[in-house]
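These notes concern the structure reproduced below.
Derivation of every value follows stated rules applied to the coordinates shown; laboratory data play no part. Predicted model, so just to flag it, every value in this text is computed and none were measured. With ideal geometry, Cβ positions are generated from the backbone for all residues, glycine too; neighbour counts draw on all protein chains shown.
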Amino acid sequence: MPDTTLDQLLANNRQYASGQALHRSTHPGSQPIRPARRVAVVACMDARLDVEDLLGLQTGDAHVIRNAGGVVTDDVIRCLIISHHLLDTREFILIHHTRCGMLAFTDDLLKAGLEGDPAAGKLLGQATGRAFTACGHAAATPAAFHAFRGAIEPLDAPRDAKNLERLAWDVRRGISAILSHPWIPTSGADAVTVRGFVYDVDTGLLEEIAHPGPMGTIG
Ligand SMILES: [Zn+2]
């Protein structure tokens, strides 16, 4: 039998991938504010990820923090500090996924395209299969888009060794950013744990990314 929360969630994920529905979607009635499983999940906003379903989480079980890529940004760090210190979560789970759109552009390319560089716009159009329309203005924000490091590939490209490696780099970068933050305790009685995964959108299964691990080279 699974003995830890994460073991249970991974067992739930295998059941989800095999076709079993675990998340109950009706209103559960009054519940406490603190997440019952003491878990915070950071995941990509991709439309193919139903975080509660794929982990078998029930309403009230966990904090779910989502953005483009599931990237550990300043705002995610803000959320995790609040999640742990004020709402008592103890396990952080990062979820990136195969076929992620963050593999298909770079920050510089998107900024140049938005500002009006025709070559950048053409490349983005080819990568996404959508007519890219420049806005013709520079902008100070967002400071970064946090596209994944490495050579870009077409949008929604199937999983291969190279894009899996790029996903793993960003999972490891996120884990490192959390573990090195002075306001997130990683030892002693108040310590949190951090684990990172890549979710395969074709199989429905989570695969753990070892940390620490290689961070690779561009190209
Ligand atoms: Zn994604």
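Take every pair of alpha-carbon atoms less than 8 Å apart whose residues are at least six positions apart; their mean separation over the length of the range 6-115 yields a relative contact order of 31 percent. Here the simple spin-label model places points 7 Å from the Cα toward Cβ, and for Leu22 and Asp7 these points are separated by 1.4 nm. Just to confirm my numbers, what's the Cα centroid distance between the range 61-86 and the range 97-139 in Å? Spelled out, the Cα-based centre of one part sits 27 Å from the other.
Pairs of alpha-carbon atoms within less than 8 angstrom and 6+ residues apart define the contacts here; what relative contact order does the chain have, in percent?
Details: 369 pairs, mean separation 46.8, N = 219.
Computed value for the chain: 21 percent relative contact order.
With the dipole of the chain worked out from charges on the C-beta (+1 for Lys and Arg, -1 for Asp and Glu) around the Cα centre, which of Ile82, Ile95, Gly69 lies farthest toward the positive end? Result: Ile82, furthest along the dipole toward the positive end. Scoring 102-113, 148-159 by mean Cβ neighbours within 10 Å over their residues and listing the highest first yields 102-113, 148-159. Is the range 93-142 rounded, prolate or oblate when judged by the Cα gyration tensor, a ≥ b ≥ c being the square roots of its eigenvalues, rounded requiring a/c under 1.5 and prolate requiring a/b larger than b/c? Oblate.
Calculate how many DSSP beta bridges within the chain are antiparallel, expressed in % of all such bridges and rounded to the nearest 5. Don't skip to the end; give the middle numbers.
Values: 4 of 22 bridges.
Close to 20 percent.
With both labels modelled 7 Å from their Cα along Cα-to-Cβ, the Thr128 to Asp202 distance reads 2.4 nm.
Using only C-alpha positions, report the orientation-averaged shadow area of the convex hull of the range 1-56, nm², one decimal. Let's see the in-between values first.
Details: hull surface 19.7 nm².
Its average projected convex-hull area is 4.9 nm².
Taking the Cα centre of the range 59-116 as the origin, how large is its charge dipole in debye, to the nearest 20, when only Lys and Arg (+1) and Asp and Glu (-1) carry charge on their Cβ atoms?
Value, rounded to 20: 140 debye.
On the basis of the beta-carbon distance and an R0 of 22 Å, Ala140 and Asp107 show a calculated FRET efficiency of 0.95.
Under a point-charge model restricted to the Cβ atoms of Lys and Arg (+1) and Asp and Glu (-1), what is the dipole moment magnitude of the range 103-211 relative to its Cα centre, in debye to the nearest 20?
Values: 10 positive and 14 negative charges, 36 e Å.
For the range 103-211, the charge dipole is close to 180 debye.
Extension gain for the segment Arg14 to Ile82, taken as residue separation times 0.36 nm less the Cα-Cα distance, is 21.5 nm to one decimal. Residues whose amide H lies under 5 Å from that of Val42, counting only those 5 or more places away or on a different chain, are Ile65, Ile93, Leu94, Ile95; hydrogens are built 1.01 Å from N in the peptide plane. A Cβ-based charge dipole, computed about the Cα centre of the chain with Lys and Arg at +1 and Asp and Glu at -1, lands at about 100 debye.
Computing FRET efficiency as 1/(1 + (r/R0)^6) for Thr186 and Met215, where r is the C-beta to C-beta distance and R0 is 35 Å, gives about 0.95.
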